[in-house]
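Accompanying notes for the structure given below.
The values are calculated or read from the model by the stated rules, or taken from the named source; none is laboratory data. Bear in mind that the values here come from a model prediction, so they are computed numbers and not experimental data. Here the Cβ is made from the backbone with ideal geometry for all residues, glycine too, and neighbour counts use every protein chain on show.
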Amino acid sequence: MAEIVSLAEAIAATVHDGETVAMEGFTHLIPHAAGHEVIRQGRRDLTLVRMTPDIIYDQLIGAGCARKLVFSWAGNPGVGSLHRFRDAVENGWPGPLELEEHSHAGMANRYQAGASGLPFAILRGYRGTSLAAHTAGVAEITCPFTGEVLTAVSALRPDVAVVHAQQADRQGNVQYWGITGVQKEAVLSASRAVVTVEEVVDVLPPRPGAVVLPGWSLSYVAVAPGGAHPSYALGYTARDNDFYLAWDAVSRDREQFSAWLDEHVYLPAGAKTAGVQAAGAKRAVPC
């Protein structure tokens, strides 16, 4: 069963140098607080997996935590490029970054295969593209029943999956709702799993469309109110659109980005709020 511990304890026990780490969440419930803790603990040579790398992976890459990125789309949603990601790919700063690009469907099917304990998944995607010829873990396969040529994608089995959710109960069971993405599949495909939550409650109230991750599927639960910021947790926090806009300027310059990390991430968690400079005004936002 999952243990309820501090975020620092959860990351220290589960995320190690050189491992494969999946941090999932789509549009909301993105585990920013956990990502910042990985940066603070100085993890290195990570293979980062995420269907849609956005600001949190930009920060992890810029902080020197990553050696490889496995993904299907990358960008600052609604704004533009990830500049720390681009700097690593184009200029090798702060180190070279290996890329493994898939389609959305390919990534989702890889998670599903890993969660199901299967070696690969089969889909009709990739056909007619060059991805299969240039991407590891993708191969043509012929259906033994119809003779149709399909695409096989190898299962994703991260060493650790990290997600954010709204609630956990005192036994370590977790419930989340809204846009649920592939968090469940990421957790079930991983050897270890950490969930940060907005709060711990005595009983998880039934909710239509909610997903419950049973405590036996998790390693640790950590309470991190606002831990999805600048994304949101439906029913708890709102999306900070200003942060996404302001991040574009912060991340373009190496010195400005490094100063932002020093001030807003490398401080002890919760020591102060994080801010970004935009349009001449500093906006205070939870770290």
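The table below lists the values:
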| item | result |
| --- | --- |
| Residue in the range 231-242 that is of a type in the set (D, E, K, R), touching a Gly at 6+ places or on another chain (Cβ under 9 Å) and modelled with pLDDT of 95 or more present | no |
| Per-region count, the range 17-57, residues more than 12 Å from the chain's Cα centre (by Cα), farther than 16 Å from residue 100 by Cβ and crowded, with 16+ Cβ neighbours inside 10 Å | 4 |
| Candidates 63, 13, 8, filtered to the one that is touching an Asp or Glu at 6+ places or on another chain (Cβ under 7 Å) and assigned by TED's automatic domain parsing to the domain that holds residue 235 | 8 |
| Residue count for the range 189-219, restricted to those that are in a loop (DSSP other than H, G, I, E, B) and touching a residue at least 40 places away in the same chain (Cβ under 8 Å) | 4 |
| The range 92-104, residues that are out of contact with any Leu (no Cβ under 6 Å at 6 or more places or on another chain) and surrounded by fewer than 20 Cβ atoms within 10 Å (Cβ to Cβ) | 92, 93, 94, 95, 96, 98, 100, 101, 104 |
| Single match in 132, 165, 186, 136 (criterion: more than 16 Å from the chain's Cα centre (by Cα) and outside any loop (DSSP other than H, G, I, E, B)) | 132 |
| Residue 155 vs. criteria surrounded by fewer than 16 Cβ atoms within 10 Å (Cβ to Cβ) and either under 19 Å from residue 98 (Cα atoms) or in contact with a helix residue (DSSP H, G or I) (Cβ under 7 Å, 6 or more places away or on another chain) (or both) | no |
| Test: residue in the range 66-76 that is within 18 Å of residue 94 (Cα to Cα), in a helix (DSSP H, G or I) and modelled with pLDDT of 95 or more | no |
| Selection count, the range 77-89, where residues are at pLDDT 95 or above and either farther than 29 Å from residue 155 by Cα or surrounded by 20 or more Cβ atoms within 10 Å (Cβ to Cβ) (or both) | 8 |
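Okay, residues lined up against (1) free of Cβ contacts under 8 Å to residues at least 60 places away in the same chain; (2) within 21 Å of residue 26 (Cα to Cα):
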site: 226; (1), (2): no, yes
site: 230; (1), (2): no, yes
site: 233; (1), (2): no, yes
site: 238; (1), (2): yes, yes
site: 242; (1), (2): yes, yes
site: 250; (1), (2): yes, no
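Yes/no per residue for (1) of a type in the set (A, V, I, L, M, F, W, C); (2) not assigned by TED's automatic domain parsing to the domain that holds residue 226:
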{"site": "143", "(1), (2)": "yes, yes"}
{"site": "166", "(1), (2)": "no, no"}
{"site": "170", "(1), (2)": "no, no"}
{"site": "173", "(1), (2)": "no, no"}
{"site": "176", "(1), (2)": "no, no"}
{"site": "184", "(1), (2)": "no, no"}
{"site": "188", "(1), (2)": "yes, no"}
